[in-house]
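In what follows, a single structure is set out as structure tokens and then discussed.
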Amino acid sequence: MQLHLTPHTPRGALAWAKSLAGATRPGGTLVLAGLIVAGAFALGGSARPDVASLEILRPLAAAALGIALLSVRRAHLRSYRAPLAIALACVALAILQLAPLPGGAASALPGRGLVAEIDAAAGLASAWRPASLWPPATQNALWALLVPLSLLLTCIQLSARDQARLLAVVLAAGGVSALVALLQTIGDPQGALYFYDVTNFGSAVGLFANRNHQAALLACLIPLAFAAARLREGNADTPGRRGRKFDPRLAAAIAATAFLVPLILVTGSRTGLLLGAVGLLSVAAVAPAGGRFLAGDGFWATRKAKIALGVAATAALVSLTVYLQRDLAIDRLIEAEAGEGMRALILPTSRDMLAAYWPWGTGAGAFREVYEAHEPTGLLMGVYMNQAHNDWLDAALTGGLPGLAIAAVAIGAWLVRARQVLAGHCKDEFHALRAAGLAVLLILALASLSDYPARTPALACLLALASVWAALPTRRRPGGAVK
């Protein structure tokens, strides 16, 4: 297809836009989505706004977003209303917080007494100011949404089969991060395999800067691996599969889990222990009884035997990790670091800040700067808090009542969808993909209770992708067969 890049009239511009949108065929859309995921993991492993790789990642995401907007259709939007509504609400909130308010209206908002005093002393009482107390941070939060939003709008245009194919890209990126983490455990603790200046040197962080974010990814890979096995398994009753006593795909998923569980311990993330357990438990929903790994008659074909075998193997791997003294997460349960203890120490101050700025919040991304104005003298030390280390609390603190409402809607949407999926209301060949998406959302939500995983572009993209998987509609022919 030849594209004419010189539209001289409004009609010519419209035709040019339509031709560009038409150039994005389904195969091209899948490639674009894969490139966004790969780019996010390669360049977006840190939540800091001053990471140099963001100067490459965000413009590329903006270009991908533009392409997605040209090709999106009303049917795409209608099929994924819930994740789109939540994403657009986040964008709208950041924009509203950056919009200038007239005549000192911003200074009259709760908690703005210091701003009002400064404006009065400088003769700027009537100046227009945004609601955000630190606009640069809110602007960064808005630009940060470019990456997951571009993936979200791209993925909703994919068919269910192409979304399942995209799972392979995520597993490949996760596998690379796991391999890098393994090499970090045996290499130089200050070596070249640590890709960010501010990172947990000496820990198995993989492609990330934070060990907790790496642990969250590894926990997510467990249900995703079993989802890939179930999706590739297809219809268990098809000729050639009936009576099979060994399924290499499920065996590969089990082997991957056997590799991931010790690696979660090696990261040194205490939160990772909980997330890994959730990932293991979620396998029951992603790959329920009836899998083809072991079939036939006898004790080893029973579900209880499979569960017992999995528990025994996991326990053996954990014991081996402890024996080899690579159980950093268990060590850190006993010996807390100064920075880790600060998470609990700042909670009273964070609650006071929440009350002071309620109900409009401080502005998205503005926690650090506002916290410095409230930081108690007794907590001044070499360690500084760049985040609230509880993104649910941060949503209410920086987003106010609107931010809390968005979080509540997201929880409600997850509960409704989980009930539909687990009750079998959308049972088809892509059931495992929906269940894995729900499991990933749960793992990242739990990780956000003590950290900020979704602020990294890589995990933000995984969050967006999981929301699309979870919302995947069930499509059947009039006769009842799945399309």
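Just so it is clear, none of the values below were taken in a lab; they were calculated from the coordinates. All figures in this text were calculated on a predicted structure; none of them were measured in a lab. All Cβ positions, even for glycine, are placed from backbone atoms using ideal geometry, and neighbour counts span all protein chains on display.
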Review point. To the nearest 0.05, how large is the calculated FRET efficiency for residue 251 and residue 358 if R₀ is 30 Å and r is the Cβ-Cβ distance?
Key: 0.05
Review point. Separation between the residue 387 and residue 344 pseudo-spin-labels, each 7 Å from Cα along Cα→Cβ, expressed in nm?
Key: 2.1 nm
Point to revise | Per-pair calculated FRET efficiency, R0 = 25 Å: residue 183 and residue 258 via Cβ, rounded to 0.05 | key: 0.85
Review point. So what are the ³J(HN,Hα) numbers for region 155-171, from phi and the Karplus equation (6.51, -1.76, 1.60; θ = phi - 60°), rounded to whole Hz, Gly and Pro as x?
Key: 6, 5, 8, 8, 6, 4, 5, 5, 5, 5, 5, 5, 4, 5, 5, 5, 5
Check your understanding: Mind ordering 420-430, 201-211 by average Cβ neighbours within 10 Å, highest first?
Key -> 201-211, 420-430
